[in-house]
Every structure is written in structure tokens, then in C-alpha cells.
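J.: Quick one: the structure is below, questions incoming.
The values are calculated or read from the model by the stated rules, or taken from the named source; none is laboratory data. Bear in mind the structure is a predicted one, so any value in this text is a computation, not a measurement. Ideal geometry is used to build each Cβ from the backbone, glycine not excepted, and the neighbour counts take in all protein chains shown. These accessible areas exclude ligands, DNA and RNA; they are computed on the full protein's heavy atoms, side chains included. Shrake-Rupley method; radii C 1.70, N 1.55, O 1.52, S 1.80 Å.
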Amino acid sequence: MKKILLIATGGTIASRKTEEGLAPSITPQELLAHVPDAAALCQIHTLQPLNLDSTNIRPEHWLELARLIEDHYSAYDGFVLCHGTDTLAYTASALSYLIQHTRKPIVLTGAQRSIDEDTTDAKVNLLDALRYACAGDSGVCIVFGSHVIAGTRARKSRTKSYNAFTSLNFPDLASVHESRVVRYIPWEDQGEPVFYHKLNTRVFLLKLTPGMDPAAFAMAGQLCDGLIIESYGMGGIPHLYLEELDRLIQAGKTVVMATQVPQEGSDLSVYQVGKHVKERYHLLETYDMTLESTVTKLMWVLGQTQDQREIRRLFCQTVNYDMLF
Ligand code: ASP
């Protein structure tokens, strides 16, 4: 029988009503008591390093979770993390960069309703996650609402419905229906797992809005080593910000161009507003990556190196299906 480590971190799945609103308080043992069928699937041990609404999850928690998995890696066949849905896509992306080439499944799940409620998606999601973790090779992924999504491709796209997550610009890896796992994307074995222990959190995501004060560029630049500019459509920089952009580049900041449009990605080479800045400054761009992946990948890359060439090499390398181009 497979051995699975269940790591509980809080979120709605583990929340109860309080006078101040829903707050996490359900223990991992209580979670498991709601899914008695899990005992027939695998042997489960539990840990609860955190008990937070995922609104409060920060990069140091991602490092803590990755370290916990590393410490227990050889003792288990797979890992299931219960997590709040609000920042689940960020944690799944961060773990995709911190734990690369893992053959053992690292499966994140959560729920839109607490496992304590009469009507809830929590039991199905938890059972599906355990079932998927027992199914074999798969890397870091999210199991939610029957969908299995690569850890770098998820977006929380609904705040209330059970099918809360969408895989952006990439197909689901698989689906779980009752006791069946149907795989759409075959697992590619990439050798031994590599664990990373450093993130540079001085990354800032600046969303452009028409006519935004150029001073925002300067202020964002002071706060970070890596600036992601969330531009419009296929991507471009309004004339209003060209001087500030030049200053940022001269100051040695890494600038990545992203788009506010969730589907199909950026291509700076199409319009004059993008092409000339890309050529002049050799800007990095996200193409079809999600913003969650872009933020966490840049933290990972800048945590490994300060060398501009190496930054470019690492950022452009595909990790856990994060970019296709
Ligand atoms: N606020 C909750 C959280 O992210 C929402 C959820 O889990 O669905 O922790």
C-alpha cells in the first residue's frame, strides 16, 4: 500500500464559522475522519505546519513547505497539501520551482466549502487528491473539481463555484472521476529531483492602467530587483513611461513584460509599442506563462543568480510545463 504524507495548511477546507467569519481550525485528523474511504487507498501520515487562511501565505511558507517535503521525500510515495484556494496557484507555482523533476506526486487541493458543511466539495477534492497521489508519477499539480492542473498553469477563476480553477494556455494534465484517473499528458521523466532553498522576494508586479502616474514606475523600481510589468494585449510600453523604464534598466533591475489578458499570452514583437522596447533593452517576456508562475519563477531565478545572462537562461527554461514557446 502506498504511503502518503498529508500536509494541512488551513484554508476553507479546514475552516469553521466564527463570529468574525470563516477561519481555519480543523486538524488533519479531523479532515481524514470525513473521508473514511481514504483508508482503503493508502496509508496516510499527517503534518500541520501552518493553519492559515491562504491570504496570509507568504514566500517563507513556500520555502518551509518545500523543505518539509524534502525532509520527508524518501519516506513517502506522494504528498497531498490541503491549502486555501485564494493563493493556491501561487503556492503550486512556487513549489514547482523549488522542487523540480519530482517523480513523486506533490498534489495541492482545497475546497470552496468547509469539510464540516453538509454540502461541500471538500470530501471529493481530498479523496481525488489522495487517489491521484497514489496513481504514480506526476510532479507538482493541483487536483480540484475533478481537474488535474500543472502546478504552474492554474488560475483561480471563480470565487464561489466548485470548478474554481482553470488551466491557462495548457490542457489539464488529467482528470479524476470517481475511482478513475484519466491522463491526457503523459509524464516525462526528467531524472532525479532537485530541491532549491532560496527565493529573492524583491519582485514587484506593476499593473498598467491608462494614464497611470509615471512615478509609480520609480517607486516600484525602488522596492524590487525584478519588476514584472503587466501590460495590455500582446504587450507594449506606453510612451509616458519610457524614461522611467530606461532608468530602471540602467539601475540593473530585471524587467519582465507580461500581459493582463489571461489567454494566449504576450508577443512583444508584433506592435511598435512593444517591438522597439524589446529590441532596445532585450526585455524578458512571459509569453504564455501565468502571472502566478511569472512572479514565483522570477523569485526563484533571482534567488539563484544575479548574472543577467544566467537570469535570462533560467527564466526562459521550461519548468513543469510553465511555458510552451
Ligand atoms: N480565503 C480562503 C483561503 O484561501 C478561501 C478558500 O480556501 O477557498 O484560505
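J.: Report relative contact order for the range 1-125 in percent, whole number only (criteria: Cα-Cα under 8 Å, sequence separation at least 6). Provide the component values of the computation, followed by the final result.
T.: Values: 229 pairs, mean separation 42.9, N = 125.
Once normalised by length, the contact order is 34 percent.
J.: Under the √(5λ) rule applied to the eigenvalues of the Cα gyration tensor, what semi-axes describe the equivalent ellipsoid of the range 185-325? Give them in Å, descending.
T.: Taking √(5λ) for each Cα gyration eigenvalue gives 26, 18, 13 Å.
J.: As an exercise, use a Förster radius of 30 Å and the Cβ-Cβ distance of ARG158 and ASP137 to find the FRET efficiency, rounded to the nearest 0.05.
T.: About 0.55, to the nearest 0.05.
J.: Now, a different point. Might you report the magnitude of the Cβ-based charge dipole of the range 233-303 about its Cα centre, with Lys and Arg at +1 and Asp and Glu at -1, to the nearest 20 debye?
T.: 200 debye
J.: With the dipole of the chain worked out from charges on the C-beta (+1 for Lys and Arg, -1 for Asp and Glu) around the Cα centre, which of LEU130, GLY11, VAL256 lies farthest toward the positive end?
T.: It is VAL256.
J.: What's log10 of I(q)/I(0) for the chain at q = 0.10, 0.11, 0.14 Å⁻¹, Debye sum over Cα points only, no solvent?
T.: -0.58, -0.69, -1.04
J.: Could you identify which residue out of SER269, SER167, SER54 has the top mean-square fluctuation in a GNM of the chain using Cα springs shorter than 10 Å?
T.: Answer for the Gaussian network model of the chain: SER269.
J.: How big is the charge dipole of the range 1-151 about its Cα centre, in debye rounded to the nearest 20, if each Lys and Arg gets +1 on its Cβ and each Asp and Glu gets -1 on its Cβ?
T.: Once rounded to the nearest 20, the dipole reads 440 debye.
J.: What order, most packed first, do the peptides 203-215, 103-115 have when packing is the mean number of other Cβ atoms within 10 Å of each residue?
T.: In descending order of packing, they fall as 103-115, 203-215.
J.: Residues with beta-carbon under 15 Å from that of THR109, excluding THR109: net charge, scoring Lys, Arg +1 and Asp, Glu -1?
T.: Net local charge, THR109 excluded: 0.
J.: For the range 265-321, report the convex hull volume of the alpha-carbon atoms normalised per residue, in Å³, without decimals.
T.: Measuring per residue, one finds 84 Å³ for the Cα hull of the range 265-321.
J.: Next up: Say a paramagnetic label sat at a point 7 Å from the Cα of VAL270, along Cα to Cβ; which residues of the range 222-243 have their backbone N under 12 Å from it?
T.: Taking a point 7 Å out along Cα→Cβ of VAL270, the residues of the range 222-243 whose backbone N falls under 12 Å are 232-236.
J.: What part of the accessible area of the chain, given as a whole %, is carbon or sulfur when the probe is 1.4 angstrom?
T.: Roughly 51 percent, rounded to a whole number.
J.: For the range 194-254 and the range 76-150, what is the separation of their Cα centres, given in Å?
T.: Using only Cα atoms to place each centre, the spacing works out to 32 Å.
J.: Now, a different point. Taking a temperature of 10 °C and a viscosity of 1.306 mPa s, what whole-number D in µm²/s does Stokes-Einstein yield for the range 26-69 with Rh from Kirkwood over alpha carbon pairs? Please report the intermediate quantities before stating the final value.
T.: Details: Rh = 12.3 Å.
The Stokes-Einstein estimate is 129 µm²/s.
J.: Suppose every K and R has +1 on its Cβ and every D and E has -1 on its Cβ; what is the size of the dipole of the chain about the Cα centre, in Debye to the nearest 20?
T.: It works out to roughly 280 debye.
J.: Just by accessible area at a 1.4 angstrom probe, what is the order of CYS134, CYS82, CYS316 from largest to smallest?
T.: Accessible-area ranking of CYS134, CYS82, CYS316, largest first: CYS316, CYS134, CYS82.
J.: While we're here: With both bridge residues required to lie in the chain, what share of the DSSP beta bridges run antiparallel, to the nearest 5%?
T.: 35 percent
J.: Any aspartates and glutamates with Cα under 20 Å of the LYS123 Cα? List them, leaving off those in the same chain fewer than 8 positions away.
T.: Here the aspartates and glutamates satisfying the reach criterion relative to LYS123 are GLU30, ASP37, ASP53, ASP86, GLU178.
J.: Counting pairs of alpha carbon atoms under 8 Å apart in space and at least six apart in sequence, what relative contact order in percent does the range 121-261 give?
T.: 15 percent
J.: Out of every Cα pair in the range 93-174, what percent are spaced more than 15 Å from each other?
T.: The proportion of pairs with Cα distances above 15 Å equals 55 percent.
J.: Can you put HIS72, HIS177 in order of accessible area, largest first, using a 1.4 Å probe?
T.: Descending accessible area places them as HIS177, HIS72.
J.: Before anything else, pin down the relative contact order of the chain: Cα pairs under 8 Å, at least 6 apart, normalised by residue count, whole percent.
T.: Reported relative contact order: 15 percent.
J.: Which one of GLY145, VAL182, SER157 is farthest out on the positive end of the charge dipole of the range 134-184, using unit charges on Cβ (Lys, Arg +1; Asp, Glu -1) and the Cα centre as origin?
T.: The residue sitting farthest along the positive end of the dipole is SER157.
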